[in-house]
Amino acid sequence: MHLDVRELRAFYYRSFLGRSVQATIREQVLRLWPQARHEAVLGYGFAAPLLRPYLRSARRVTALMPARQGVMHWPPGLPNCSVLCEETRWPVETGSIDKLLVLHGLDTSEHAAAVLEECYRVLAPAGRAIFIVPNRASLWARREGTPFSFARPYTAGQLESRLKWHGFLPEHHVMALYQPPWSGPFWRRMSGPIERIGQNIPAWRGGGILILEVSKQVPRPRRPGLGQIISRPLGILEGIKAPDPISAQSGNL
């Protein structure tokens with residue numbers, strides 16, 4: 001189920017914890033994609049907080065928001081770049097997107113496979129995508145009150161396997177959001193140092209989110225067994241002897 005866009009906007013733009021989360025995720029995304037000069041950038045779900053750095057250099061920036069979530073005007077004070085869409089049918093030309101960001105789009109969907117099919121369809125052959133989902137092992141996935149506890153969490157292996165199935169090749173794994181999901185004065189002061197400590201200890205797997213950058217596999221791999229089923233649709237009947245027309249007629253007399 002999708003969160004309401006008003007709740008997401010209130011969290012990311014009006015709460016200290018949400019603004020801290022926004023800054024943390026954006027920093028990691030910019031490390032992977034420092035610029036998008038003359039490229040088409042698409043965000044799906046509630047990726048708008050991560051798209052602003054690309055407004056000046058990108059050829060086009062669009063924030064797709066699923067109908068069940070709702071849509072808001074974005075970016076504030078500028079011409080609108082957000083679009084309401086059905087999560088399984090995006091108003092985007094096939095192969096036209098160079099960079100795709102998915103936040104609160106895969107983990108909240110009841111049709112995740114169809115969403116991934118649309119991601120594959122719109123991405124250009126040399127395009128890249130970043131998927132951001134809650135980490136199943138973290139406090140963020142278990143403590144209520146944030147968008148990450150509302151969604152379906154993943155392990156790194158589950159996320160990678162799911163994306164491979166739909167034709168994506170994992171390129172970079174990042175874990176972030178080591179600060180706890182609390183907004184008291186002490187944790188406000190400690191959020192920055194805790195995040196830096198977490199990023200510098202590779203064995204610490206307690207980050208609140210998984211960030212996976214992928215490329216599009218072209219040509220798309222054939223799924224195990226699918227080709228055989230299509231080419232031999234009646235294989236299950238093999239071994240059954242064809243009926244004798246004369247015997248069949250005799251039996252009907």
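The numbers here are math on the coordinates, done by the rules we state, and not lab data. Quick caveat, the model's predicted, so the values are computed rather than measured. When we count neighbours, we look across all protein chains shown, and the Cβ atoms used for this are built from the backbone with ideal geometry, even at glycine.
Some observations on this one:
- Cβ-to-Cβ counts within 10 Å put D4, D98 in ascending order as D4, D98, the fewest first.
- Rounded to 0.05, the FRET efficiency of the T155 and Q35 pair, given R0 = 30 Å and the Cβ-Cβ distance, is 0.45.
- A Förster radius of 45 Å, combined with the Cβ-Cβ distance separating W182 from T94, puts the computed FRET efficiency at roughly 0.55.
- Modelled this way, with points 7 Å down the Cα-to-C-beta line, the labels at R121 and K164 are 2.6 nm from one another.
- Arranged from fewest to most other beta-carbon atoms within 10 Å of their beta carbon, C81, C119 become C81, C119.
- Ordering of 63-70, 23-30, 165-172 by burial proxy (mean other Cβ atoms within 10 Å per residue, highest first): 63-70, 23-30, 165-172
- Here's how it looks for A63: its modeled amide H is under 5 Å from those of G43, S82, V83, which are all 5 or more places away or on a different chain.
- Fewest neighbouring Cβ atoms within 10 Å first, the residues R121, R220 line up as R220, R121.
- Across segment 96-102, computed HN-Hα scalar couplings (Karplus, 6.51 cos²θ - 1.76 cosθ + 1.60, θ = phi - 60°) run 9, 9, 8, 9, 10, 10, 10 Hz from first to last residue, x flagging Gly and Pro.
- Residue-count net charge about R31 - beta-carbon cut-off 15 Å; Lys, Arg +1, Asp, Glu -1: 0
- Extension gain, R143 back to H173 (0.36 nm per residue minus Cα-Cα distance, nm): 8.4 nm
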